[in-house]
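S.K.: Handing you a structure now.
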Amino acid sequence: MQHRGFLLLSLLALLALTSAVAKKKDKVKKDGPGIECAEEWAWGPCTPSSKDCGVGFREGSCGAQTQRIRCRIPCNWKKEFGADCKYKFENWGACDGGTGTKVRQGTLKKARYNAQCQETIRVTKPCNPKTKAKAKAKKGKGKD
């Protein structure tokens, strides 16, 4: 009976210890790379390992220390303003018949890793000709 009590107490102590270690690891990940530095870390852009998106690395420096951390660039990112600049966008405007494009404006919401971001940006995209194509495709499926 005493062995069960000792085993149960040991198990509880082990769980408490692993929980404390996990919390400390989470704090290190949130605060930075895990190396203490008196200054603030300066981070470069995320550079993908292959092509122009996917998993890559970001280099940072703090005083004389340097470090590389893993990062990821989504494959649908907007190259004009970078993956580290996060914007809040308005709705798309009406289609301009002269240029065949729509325009919307974005306001900077967050600059990650000390990125140099524009406060406001304008993005364009072609007007959507797919609505007619989708309607034709639905009519074609109904004939089967």
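S.K.: Could you order the peptides 96-102, 60-66, 43-49 from most to least packed, using the average number of other C-beta atoms within 10 Å per residue? Show your work: numbers first, answer last.
M.R.: Values: 96-102: 11.4, 60-66: 13.1, 43-49: 16.0.
My ranking of the peptides, most packed first, is 43-49, 60-66, 96-102.
S.K.: Can you compute 3J(HN,Hα) from phi for each residue in segment 115-121, using the Karplus curve 6.51 cos²θ - 1.76 cosθ + 1.60 with θ = phi - 60°, rounded to whole Hz and x for Gly and Pro?
M.R.: For segment 115-121, the Karplus-derived couplings read 5, 8, 10, 6, 5, 9, 9 Hz, x marking Gly and Pro.
S.K.: Given a 1.4 angstrom probe, what's the average accessible area per residue across segment 76-126, in square angstrom?
M.R.: Values: 3730 Å² over 51 residues.
Averaged over the residues of segment 76-126, the accessible area is 73 Å².
S.K.: Given a 1.4 Å probe and every protein chain left where it sits, what share in percent of the accessible area of segment 76-126 is carbon and sulfur? Provide the component values of the computation, followed by the final result.
M.R.: On the way: 1680 of 3730 Å².
Here it works out to 45 percent.
The values are calculated or read from the model by the stated rules, or taken from the named source; none is laboratory data. Note that the structure is predicted; figures quoted are calculated from it, not measured. Heads up, the Cβs are rebuilt from the backbone with ideal geometry, glycines too, and the neighbour counts pull from every protein chain shown. Just so you know, the surface numbers come from the protein's heavy atoms only, side chains and all, with ligands and any DNA or RNA stripped out. Shrake-Rupley method; radii C 1.70, N 1.55, O 1.52, S 1.80 Å.
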